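Structure first, commentary second.
The values are calculated or read from the model by the stated rules, or taken from the named source; none is laboratory data. None of these values were measured; they are calculated from a predicted model. Using ideal geometry, Cβ is built from the backbone for each residue, glycine included, and neighbour counts are taken over all protein chains shown. Calculation scope for accessible area: heavy atoms of the full protein, side chains included, ligands and nucleic acids excluded. Shrake-Rupley method; radii C 1.70, N 1.55, O 1.52, S 1.80 Å.
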Amino acid sequence: MGITWLFDLDNTLHDASHAIFPAINVNMNRVIAQVLSDAGAPATPADVDAARIAYWQRYGATLLGMVKHHQMHPDTFLHEAHLFDDLASMIRAERGLAGLLRRLPGRKILLTNAPKRYSQDVMRHLGLQRHFARHVAIESMRVHGQLRPKPSRPMLRKLLAREGLQASRCVLVEDTPMNLKAARVLGIRTVLVTQYLPVAHRSGPSTFVKRPAGIDVKVRSVKRLAGHLHRLRSRIADHDD
């Protein structure tokens, strides 16, 4: 059995921090401000920012906080948060990603906390969709009928079972250490991509000596994955032994 790659999308395969994340934050803040105001709660810009960030930190997705605390319909929030005047003009990514994915051995699954329509649009613009066997967006991340996006371990276990995958033969590639550490607990190999992180979080060489706890490999770019393939394979082989 070969490697199965689980790729995040935003800030992993493209630079969402450049324009897309700021626009999403503005959209989310608009929705949150309206919800708080309707409830008679303080809705200053500072209050709204604090709510958005707090829900993301507590639940891994602002969406879950809006559903849990404000009974907002998930589809409504996702739709409003991902409204863009011209998405294509906001996308920035490295050249050569398609070639890297084509050469990288193993099955690839897109695993993103973004909604399906948005993630499909980004992948189509990047020309990467043909390299992925499956596309798992946030709408599909449900456990017992409840939304459970990354870093939910029950969701990851369900995904592994549904796809017939062995955790130790999967590699999660993404920019969020919290998500990677949750996957590592299950035995999934982990790769932290740092180039789109804030400078304070991406300093240091791409080595195994200084990698964060719960991270098998740290790379600046997904284009450097091929250079670490032998190390990842050896870790999988060690587990098999």
Review point. Looking at region 80-95, is at least one residue open to solvent by 40 Å² or more (accessible area, probe 1.4 Å), in contact with a Gly (Cβ under 9 Å, 6 or more places away or on another chain), of a type outside the set (A, V, I, L, M) and in contact (Cβ under 8 Å) with a residue 40 or more places away in the chain?
Key: no
Review point. Just a yes or no: is a residue in region 142-154 hydrophobic (A, V, I, L, M, F, W, C) and assigned to a helix (DSSP H, G or I)?
Key: no
Review point. Checking residue 166 against (1) surrounded by 20 or more Cβ atoms within 10 Å (Cβ to Cβ); (2) out of contact with any Phe, Trp or Tyr (no Cβ under 9 Å at 6 or more places or on another chain); (3) in contact (Cβ under 8 Å) with a residue 40 or more places away in the chain, which test does it fail?
Key: (1)
Check your understanding: If a residue has to be in contact (Cβ under 8 Å) with a residue 24 or more places away in the chain and either closer than 14 Å to residue 22 by Cα or not in a helix (DSSP H, G or I) (or both) to count, how many in region 63-79 make the cut?
Key -> 1
Check your understanding: Are there any pairs, at least 6 apart or on different chains, whose C-beta atoms fall under 8 Å, with the first in region 123-134 and in contact (Cβ under 8 Å) with a residue 40 or more places away in the chain and the second of a type in the set (S, T, N, Q), and if so, which?
Key -> 123/129
Exercise for review: Test residue 48 against the stated conditions and say whether it is open to solvent by less than 30 Å² (accessible area, probe 1.4 Å), over 30 Å from residue 103 (Cα atoms), part of a helix (DSSP H, G or I) and not aromatic (Phe, Trp, Tyr).
Suggested key: yes
Review point. Going by the structure shown, is residue 149 buried (at least 16 other Cβ atoms within 10 Å of the Cβ) and in contact (Cβ under 8 Å) with a residue 24 or more places away in the chain?
Key: yes
Exercise for review: Would you mind finding the one in 11, 25 that is closer than 21 Å to residue 65 by Cβ, out of contact with any Gly (no Cβ under 9 Å at 6 or more places or on another chain) and touching a residue at least 60 places away in the same chain (Cβ under 8 Å)?
Suggested key: 11
